[in-house]
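Any read-out appearing in this document is the output of simple, stated calculations on the displayed coordinates, not a laboratory observation. Keep in mind that what you see is a predicted model, and the values were worked out from it rather than measured. Cβ atoms come from the backbone with ideal geometry, glycine included; neighbour counts cover every protein chain shown.
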Ligand code: KG4
Ligand code: ZN
């Protein structure tokens, strides 16, 4: 297995990432260039701007990943690239780059689903993790509970009916005037540590629905109303310029939001475990991955749920939970060993043929 070496490329949202991983799971290099800083000034991800950002750094990021691995394209077995879901303009930058390399060096190409990559990277982290397993995938655009029976064989137990939890973290952080340069989620997690999580009574979403779906739009509205009712402006209100009393109020909102946002995850996971055990009694693990899974409070709370049910929690380290090239390269490896790849594209393929 160690003879196989795969380059993974990821450009679905605001991170341009590349990594080189060996067939045995050894990570040879990992490079991420984030545009969060730039995009935070524009109130979110503007597709055209994000595309330009990716185009600007893609060659450099890939070259850095190869250099750090002390390899050249000639040493690769295949190229894996995220083809969706995500912003199509952004995805295109990664796909074009991957096809150019694969065409020039006659390498097979592997198309990777972003959410599958978030789930499967857990098998790189935890070498003993066997199918079937349950996975909670929580990011900026998705909230999924899936039962993974085998490679490419996934049953969706639940999804969001409106917003994903990461979107709720990001909006709440913005309304509270937090510094978005390091990302709304991490900033909110930090502020929440100072607050009283029981200060404000937000209601837990979807309690009357006895299923595994999620909803965060209503909680977002509750947060906005709470902020406005405390006369905290939700526009242009940097927290750095507020009094300590006001900072305390904001921290209470952050902590109360986080508690309920995560309680919703806990309740859905409880039910998903029950459902999954009925379908596949051999399940031993809950995988939690995606950007929000790098949150320490989320990890601790879900660990309680999992332990209570006699399962094991598998949560990749934060750098593998947020968007990265390793998860794409690793998913490529899983597919490669099952013969799931496409032949090299023609080297003279016109640029716009994808
Ligand atoms: O998986 P990811 O990097 O990109 C998408 O596929 O969307 O997830 C990004 C999301 C963002 O909403 C970000 O705010 C959130 O993950 N996130 C966090 C934390 N770190 C990243 N949310 C809560 N706490 C964190 N520590
Ligand atoms: Zn993601």
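May I ask for the angle, rounded to the nearest 10°, between helix 114-125 and the longest principal axis of the chain, with both axes built from Cα atoms and the value confined to 0 to 90°? Roughly 80 degrees, rounded to the nearest 10. Measuring spread by the Cα atoms of the stretch 297-348 yields a radius of gyration and Dmax of 17.4, 57 Å.
Sorted on the mean count of surrounding Cβ atoms within 10 Å across their residues, most packed first, peptides 88-96, 208-216, 283-291 read 283-291, 88-96, 208-216. Of the residues 268, 250, 224, the one that moves most in a GNM of the chain with alpha-carbon contacts below 10 Å is 224. For the chain, the equivalent ellipsoid derived from the Cα gyration tensor has semi-axes of 36, 25, 16 Å, listed largest first. Taking Cα atoms only, the orientation of helix 217-229 departs from the longest principal axis of the chain by about 40 degrees. Run a plain Debye calculation on the stretch 136-240 (Cα atoms as equal point scatterers, no solvent) and give log10 I(q)/I(0) at q = 0.14, 0.16, 0.17 Å⁻¹, rounded to two decimals, same order as the q list. Values returned for q = 0.14, 0.16, 0.17 Å⁻¹ are -0.63, -0.79, -0.87.
The fraction of Cα-Cα pairs per 10 angstrom bin, counted from 0 for the stretch 84-197, comes to 11, 29, 32, 22, 5, 1 percent, rounded to whole percents. Each residue of the stretch 130-318 gets 113 Å³ once the volume of the Cα convex hull is shared out per residue. Contact order for the chain, expressed relative to its length and based on alpha carbon pairs under 8 Å spaced 6+ residues apart, stands at 23 percent. Applying 1/(1 + (r/R0)^6) with R0 = 35 Å to the Cβ-Cβ distance of residue 26 and residue 161 gives a FRET efficiency near 0.30. Using Cα pairs closer than 8 Å and at least 6 residues apart in sequence, work out the relative contact order for the stretch 238-344, in percent. Contact order relative to length: 22 percent. Once you reduce the stretch 215-287 and the stretch 20-66 to the center of their Cα atoms, the two points are 28 Å from each other.
Here residue 198 and residue 231 are evaluated by their C-beta separation; at R0 = 25 Å the FRET efficiency comes out at 0.70.
Each peptide among 117-126, 174-183, 192-201 gets the average number of other Cβ atoms lying within 10 Å of its residues, and from highest to lowest they stand as 117-126, 174-183, 192-201. Dividing the C-alpha radius of gyration of the stretch 1-119 by 2.2 N^0.38 Å, with N its residue count, gives 1.03.
For the chain, take the longest principal axis of its alpha carbons; what is the angle in degrees between that and the long axis of helix 47-68, to the nearest 10 within 0 to 90? Once rounded, one gets 60 degrees. Taking each DSSP H run with n ≥ 4 as -39500 (n - 2.57) and averaging over every residue of the chain yields -14500 deg cm²/dmol at 222 nm.
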